[in-house]
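Structure first, then comments.
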Amino acid sequence: MEEFKDDINKKPLSWKEYLVVASLLFGLFFGAGNLIFPIHLGQLSGANWGMATFGFLVTAVLLPLLAVLAISASHAKGVYDIGKPLGPKFALIFMVLIHLTLGPLFATPRTASISFSVGLAPVLPQKYVKISLLIFSAIFFILAFIIAYKQSTILSSIGKVLNPLFLILLFSVFLLAAHSPMGAAKNQSATSAYQAMPFFNGFLQGYNTMDALAGLAFGYTIVSAVNQLGKTSAKSNAKVTARAGVIATSAIGVIYIGLIWLGATTLNHFKIAPEGGTTFNQIVTYYLGDVGHALLATLVTLTCLTTAVGLIAAFAQDFHRSFKKISYHAWLAIMTFVSFITANFGLDTIIAWSTPMLMFLYPIAMVLIILSISGTLFDHDPVVYYWGVGLTLIPAIFDMLASFPPAISQQGWALALKSIQYRFLPFSDIGMDWVIPTVLGLAIGFAVHFYHKVKLQDA
């Protein structure tokens with residue numbers, strides 16, 4: 001993005017222009033995948049759904065908005081630039097890890113597996129589920145590849161119709177549930193984790209949306225859109241992005257609150273499912289019958305296909321930019337094929353194996369977001385980044401190892417490391433052991449920066 005000291009457009013933006021940016025932000029952050037985690041959170045938290053919601057909104061709504069503001073405030077063009085103060089090697093590794101998480105390892109395969117689990121899996125005999133997922137995901141990703149290969153805008157055009165239909169269906173369910181709830185959320189029992197620490201467990205559950213990572217990876221799209229409206233100075237760009245972001249994230253927050261409450265009301269009728277896709281299908285079928293299920297399956301599949309096209313195209317573009325010897329179309333093919341393979345492990349497995357990566361990346365992303373927004377206070381001095389991120393890395397690695405599925409986390413060496421973690425890092429039991437090292441690292445980094453600054457002034 002070309003940088004300007006002043007705005008090309010001096011006039012204030014109209015509400016319509018703000019809504020255009022807000023709708024772009026909404027589309028960036030809200031997909032079918034964002035339905036399943038709040039509903040699951042509601043089932044897990046039961047009567048404590050209010051405090052769990054508060055924690056969830058911090059990482060699933062506030063943090064993604066801050067991620068986009070970080071891109072705007074630091075003039076970054078993506079994840080690489082956000083990590084660049086720590087050196088090109090760190091920036092490249094961080095970018096690759098985020099794109100692999102949003103790309104072929106977790107988020108992109110999840111688009112197919114969510115579509116399948118919501119649409120087809122509930123009506124299939126168990127013995128046909130695996131082969132059906134194989135066929136469904138093959139068709140799904142072939143279509144996604146063809147559309148992305150031709151760089152067709154057909155899905156974005158369809159999306160203008162799909163998204164309103166999807167929201168109408170969702171709010172219809174909300175109204176029916178408010179009029180005739182399955183049960184009183186305040187009377188439902190919470191799982192043991194949510195009886196003790198509902199806020200912090202909701203906070204960690206928000207990682208699963210991956211929206212803070214998406215904000216870093218695709219936030220430049222929003223910044224560019226604001227730039228095209230003539231708000232080209234850093235201050236104005238950030239101001240417009242913030243205002244539009246508040247509109248978009250407020251809407252998403254309202255939807256999340258409704259979904260979490262809805263999940264908590266289901267416990268009189270349905271058992272806690274391993275993931276929210278099954279529960280969402282049960283809710284829609286309960287209120288709208290088979291017609292509702294068919295409509296939901298269609299809308300979720302098309303919405304997820306739109307998301308998949310965007311993700312594989314963004315992955316291919318960014319990786320071609322960083323690794324130019326491989327063409328855009330070759331990266332597109334690699335991304336699509338690996339996503340297809342991963343999708344066939346099933347939604348439960350994808351979620352289980354994505355958790356360790358998110359436990360590792362989110363604390364680091366949070367520190368980089370804070371430092372990018374506040375960078376002018378310390379002249380983006382790398383020493384602050386080194387101390388802040390450096391001390392965050394240690395607990396992040398411990399949290400990653402502890403949250404792996406039993407095949408890794410129950411190994412002798414992993415249990416020995418977990419014992420060290422619980423002994424020396426406070427709040428390890430709730431996955432928040434990075435907080436004290438991070439605050440300490442930032443404090444040391446700022447102290448060193450200002451010490452050097454004062455020393456230079458006195459020289």
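The values are calculated or read from the model by the stated rules, or taken from the named source; none is laboratory data. Bear in mind that the values here come from a model prediction, so they are computed numbers and not experimental data. Counting neighbours? That spans all protein chains shown, and the Cβs are built from the backbone with ideal geometry, glycine included.
Remarks
- Those residues of segment 339-351 which are part of a helix (DSSP H, G or I) and surrounded by fewer than 18 Cβ atoms within 10 Å (Cβ to Cβ), in sequence order: Ile341, Asp348, Thr349
- On inspection, Val284 qualifies as touching a Gly at 6+ places or on another chain (Cβ under 9 Å), of a type outside the set (Ser, Thr, Tyr) and more than 21 Å from Leu102 (Cα to Cα).
- When we screen Asn268, Asn281, Asn237, Asn227 for residues that are at pLDDT 85 or above, over 22 Å from Leu165 (Cα atoms) and either within 20 Å of the chain's Cα centre (by Cα) or not small (Gly, Ala, Ser) (or both), the only hit is Asn268.
- For segment 205-222, filtering for residues that are of a type in the set (Val, Ile, Thr), buried (at least 24 other Cβ atoms within 10 Å of the Cβ) and farther than 22 Å from Trp353 by Cα leaves 1.
- The set of residues from segment 93-108 being part of a helix (DSSP H, G or I) and among the hydrophobic types (A, V, I, L, M, F, W, C) comprises Ile93, Phe94, Met95, Val96, Leu97, Ile98, Leu100, Leu102, Leu105, Ala107.
- Selection status of Phe90, aromatic (Phe, Trp, Tyr) and either part of a loop (DSSP other than H, G, I, E, B) or within 18 Å of the chain's Cα centre (by Cα) (or both): no
- Scan of segment 65-95 for residues that are without any contact (Cβ under 8 Å) to a residue 24 or more places away in the chain, of a type outside the set (D, E, K, R) and under 19 Å from Ala314 (Cα atoms), ordered by number: Ala91, Ile93
- Elements of type helices (runs of 4 or more DSSP H) in segment 359-459, at least 1 residues being surrounded by 22 or more Cβ atoms within 10 Å (Cβ to Cβ) and under 28 Å from the mean Cα position of the chain (by Cα): 382-402, 435-458
- Within segment 132-151, not a single residue is modelled with pLDDT under 90, touching a Gly at 6+ places or on another chain (Cβ under 6 Å) and surrounded by 24 or more Cβ atoms within 10 Å (Cβ to Cβ).
- Flag set for Val291, criterion: without any contact (Cβ under 8 Å) to a residue 12 or more places away in the chain and either over 21 Å from Ile98 (Cα atoms) or under 20 Å from the mean Cα position of the chain (by Cα) (or both).
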